[in-house]
Amino acid sequence: ALIQLLPNFQIEAYSNSLEVERRNPFIFDNKQEQPTISYLDVVDGSQHEVTLTTDPQWIEIESLGQLNKCLVELLGVWKGLQFKYEVLQELFDNGDERVKKSQVRIAKREYRNAQDRFFREQTKEQTKI
């Protein structure tokens, strides 16, 4: 089942020192009577509720819809690349000499392509159901 894979899921994010960090965007809260899972958007810090669906190969993430394993992985790629773009843009805007404008443009294109691919694949996968 997909839900069992989430504790080990990781995405690549970037620190302000441009080092790759691996993070799990899923938050598990077992302190309440009913355990909950949230998805933390690494870019804006918002949390989205994760719920199970009737199909154990799918989950639903609030505001993103239903996702299977492939879509969760594509979401991770998209958000990781978007986070990289945001870090590069901020460093560039602050005059950091390590970051060139071309790097920022490439990072933006990569994250937008990953975002487009996520939504394209989500449409394809959901039409199979």
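Taking every alpha-carbon pair within segment 7-71, the share separated by more than 12 Å comes to 73 percent. Maximal additional length on extending the THR54-LYS100 stretch stands at 11.8 nm, based on 0.36 nm per residue less the C-alpha distance. Counted residue by residue at 0.36 nm each, then reduced by the alpha carbon distance between them, the extension gain from THR36 to ARG120 reaches 27.4 nm.
Residue separation times 0.36 nm, minus the C-alpha to C-alpha distance between ARG22 and GLN66: what's the value? Let's see the in-between values first.
Working: separation 44, 0.36 × 44 = 15.84 nm, distance 2.40 nm.
Going from the current span to full extension adds 13.4 nm.
Here the spin labels are modelled as points 7 Å beyond Cα on the Cα-Cβ line, and at SER15 and ARG112 they lie 3.1 nm apart. Each residue of segment 62-67 is assigned a 3J(HN,Hα), and the resulting list reads 3, 6, 10, x, 8, 10 Hz, derived from the Karplus form 6.51 cos²θ - 1.76 cosθ + 1.60 (θ = phi - 60°), x at Gly and Pro.
From the helices alone, meaning DSSP H stretches of at least four residues, give me the mean residue ellipticity at 222 nm for the chain, per-run term -39500 (n - 2.57), in deg cm²/dmol to the nearest 500. Walk me through the numbers on the way to the answer.
Details: 2 runs with 53 residues, N = 129.
So the helix-based figure for the chain works out to -14500 deg cm²/dmol.
Using C-alpha pairs below 8 Å separated by at least 6 residues, the relative contact order for the chain is 20 percent. Within segment 57-129, the GluC sites (Glu not before Pro) that combine a DSSP coil assignment with at most 10 other C-beta atoms in a 10 angstrom radius are GLU97.
Karplus-derived 3J(HN,Hα) values for segment 100-116, using 6.51 cos²θ - 1.76 cosθ + 1.60 with θ = phi - 60°, are 9, 4, 5, 5, 5, 4, 5, 4, 5, 4, 4, 5, 5, 4, 5, 5, 4 Hz; glycine and proline are entered as x. Note that segment 74-87 has calculated 3J(HN,Hα) couplings of 5, 4, x, 5, 4, 5, x, 5, 5, 4, 4, 4, 4, 5 Hz, one per residue in order, obtained from phi through the Karplus relation 6.51 cos²θ - 1.76 cosθ + 1.60 (θ = phi - 60°); glycine and proline are x.
Which residue fluctuates most in the GNM of the chain (Cα springs below 10 Å): LEU88, LEU75, LEU18? Taking springs between Cα atoms under 10 Å, the residue moving most is LEU18. For segment 20-109, the solvent-accessible area of protein heavy atoms averages 60 Å² per residue (probe radius 1.4 Å; ligands and nucleic acids excluded).
At 4 °C and 1.567 mPa s, what whole-number value in µm²/s does Stokes-Einstein give for the translational diffusion of the chain, with Rh from the Kirkwood sum over Cα pairs? Let's see the in-between values first.
Working: Rh = 15.8 Å.
Stokes-Einstein gives a translational diffusion coefficient of 82 µm²/s.
Of the options VAL87, ASN68, VAL104, report the single residue whose Cα projects farthest towards the positive end of the charge dipole of segment 68-109 (beta-carbon charges: Lys, Arg +1; Asp, Glu -1). Final value for the positive-end residue is ASN68.
Size of the dipole of the chain about the Cα centre, Lys and Arg at +1 and Asp and Glu at -1 on the beta carbon, nothing else charged, in debye to 20?
Numbers: 17 positive and 21 negative charges, 128 e Å.
Roughly 620 debye for the chain.
The values are calculated or read from the model by the stated rules, or taken from the named source; none is laboratory data. What you see is a predicted model, and the numbers here were worked out from it, not measured in a lab. A quick note on method: Cβ atoms are made from the backbone with ideal geometry, for glycine too, and the neighbour counts reach across all protein chains shown. With ligands, DNA and RNA removed, areas are computed over all heavy atoms of the protein, side chains included. Shrake-Rupley method; radii C 1.70, N 1.55, O 1.52, S 1.80 Å.
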